[in-house]
Amino acid sequence: MELAPGLITPGWFDLRPIVGRLPWPDVRGRRCLEVGPWDGFLSFELERRGAAEVVAADIGDPVEWDWAARIRARGPRVVAALAGADTGAGFRIAKELLDSSVSRIEVSVYDLSPETVGSFDVVVCGSLMLHLRDPVRALEAIRSVCDGEFLSAEQISPGLTLLSPRRPLARQRGGERGQWWIPNVACHRGMLEAAGFAVERAVQPYAIPLGPGHPSHGRPARGLRARILTALVTRGSGVPHAALLARPAL
C-alpha cells in the first residue's frame, strides 16, 4: 500500500497493478464490507472510491483459523513467526497513516449474519476461500449480509482452468500451509452459484505479483510449469486469480 507519496509498505502481495482490473460496482455513498481484509488494501480502496461507510471483518487470533488437525498446534506459531503475533497491527498502522474512517471488527466469516453485523450494499472478499475448509458455507454467510453486489476475487488453479474451462474442478490441499481448496475458473463461479449468488460480470483472470515482504520475493515462488500455466491463463506472473461480480439470487 502507498500510505503517502513515496511511502510504500513491504507487503506480501502487491495489489496495486491489478486493482483497476477488478469488476468493481459503484460504491459511492454505500455501506460496504470487506471480509478477510488482513492489512486492509481493499477496505481502504472502497473508502477511496467514495463508500459512505466501510467495515472490515477479520479473525484476530490465528488459533481460530481453519487448520488441519495435523498442523493445528504449530500453525498459529508459524503465522506469528512470519507475520507477527498481532495480525491486526498492519491494518491499524495503515488506518492511522491514511487518516481513514474504516472500522475493523473481529468476527469469523462463518458467523456473519444480519444479527451480528447488519447488512451491506456491497461486500468484497479477496483471496480468502482457499484458506477455508467450507468455502460454500462461508459464501452463504456472506450472502446473508449482502443486499446488493458481491465482488469475489479468489486464487485459481491455471492448470485445471486450461484442462477444464467449463467443468468445475478444484485442487484439495488438505489444509496444508493453511490452504484447502484452489478452484478453476468454472469452480469459482460454481461455488458462488451454489451459495445462492447470480453472477453478473467476470473479468479476465489475472496474476497478483509478490510484494517485497513476501518470503519468496526476488526468486521464483513456483516451479517452471506453474509459471508457464499462470502466464497462459493470466498473461502475467504471480499468484493467479479470478474475479466475479454477483448478486444474491435467493
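Please treat every number below as a calculation from the coordinates, not as lab data. If you're wondering where the values come from, they're calculated on a predicted model, not measured in any experiment. Glycine also receives a Cβ, built like all others from the backbone with ideal geometry; neighbour counts cover every protein chain displayed.
A protection proxy built from the mean count of other Cβ atoms within 10 Å ranks the segments 100-111, 127-138, most packed first, as 127-138, 100-111.
Annotation: amide H-H contacts under 5 Å for Thr87 (H modelled 1.01 Å from N, sequence separation of 5 or more, or interchain): none.
Classify segment 111-250 as rounded, prolate or oblate, taking a ≥ b ≥ c as the square roots of the eigenvalues of its Cα gyration tensor: rounded when a/c is under 1.5, otherwise prolate if a/b is larger than b/c and oblate if not.
prolate
Taking Cβ atoms as reference points and 11 Å as the exclusive limit, the residues near Gly175 contribute a net charge of +3, counting Lys and Arg as +1 and Asp and Glu as -1.
Would you mind classifying segment 66-185 by shape? Square roots of the alpha carbon gyration tensor eigenvalues, ordered a ≥ b ≥ c; an a/c under 1.5 is rounded, otherwise it is prolate if a/b is larger than b/c and oblate if not. Judged from the Cα gyration tensor, segment 66-185 comes out oblate (a/c at least 1.5, b/c at or above a/b). Here the 3J(HN,Hα) profile of segment 202-213, calculated from phi with Karplus coefficients 6.51, -1.76 and 1.60 at θ = phi - 60°, is 10, 10, 4, x, 9, 10, 8, x, 6, x, x, x Hz, Gly and Pro shown as x.
Extension gain, Leu250 to Val19: 0.36 nm times the residue separation minus the Cα-Cα distance gives 80.3 nm. Along its first, second and third principal axes, ordered by size, the chain spans 44, 41, 39 Å in Cα coordinates.
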